[in-house]
Amino acid sequence: MKRTTFLLAAILAAATFPATAQVSVNINVGGDVVRRAPPPPRYERMPGVRAGQVWVPGHWQWNGRDYLWARGHYQAARPDYAYAPGAWVQVDNGWRWREGDWRRAERRAERRHDRHDRHDRHDRGHCPPGQAKKGNC
């Protein structure tokens, strides 16, 4: 009984006083905010295509005082991934560099249609149990 009364009193006390604590979290992933806008991108002629390589375009880099141009370069390709180049993104207080990254590439539509056509010819519309969830029908 005493325990229940104590818990009830604690709950009532907590409910009568408004919470004044506030938590603020600021996560800075892309580096420092630069107050000055970057110059327009330079035109770079991409060298010839290289097998197994992806062209990463050049961009402006902030060195703490000024922008310096970083030339484009080739990078080893990753199977089933596409490269998304980095970019300067405008934020409330200025500009922040968002690094380029690799994103899962979409499957080609032709391959899906070929797979469906192949199954339709053999199965005549029947889908074996469990195959629809796997995308085979």
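Each reported figure results from applying straightforward, stated rules to the coordinates on display, with no laboratory input. In this text the structure is predicted, and so the values were computed from the model without any measurement. Virtual Cβ from ideal backbone geometry, glycine too; neighbours counted across all protein chains shown.
Sorting 89, 56 from the fewest to the most surrounding beta carbons within 10 angstrom yields 89, 56. Based on alpha carbons, the Rg and Dmax found for region 30-104 are 13.9, 42 Å. Net charge in the neighbourhood of residue 95 (other residues with Cβ under 12 Å of its Cβ; Lys, Arg +1, Asp, Glu -1) is +2.
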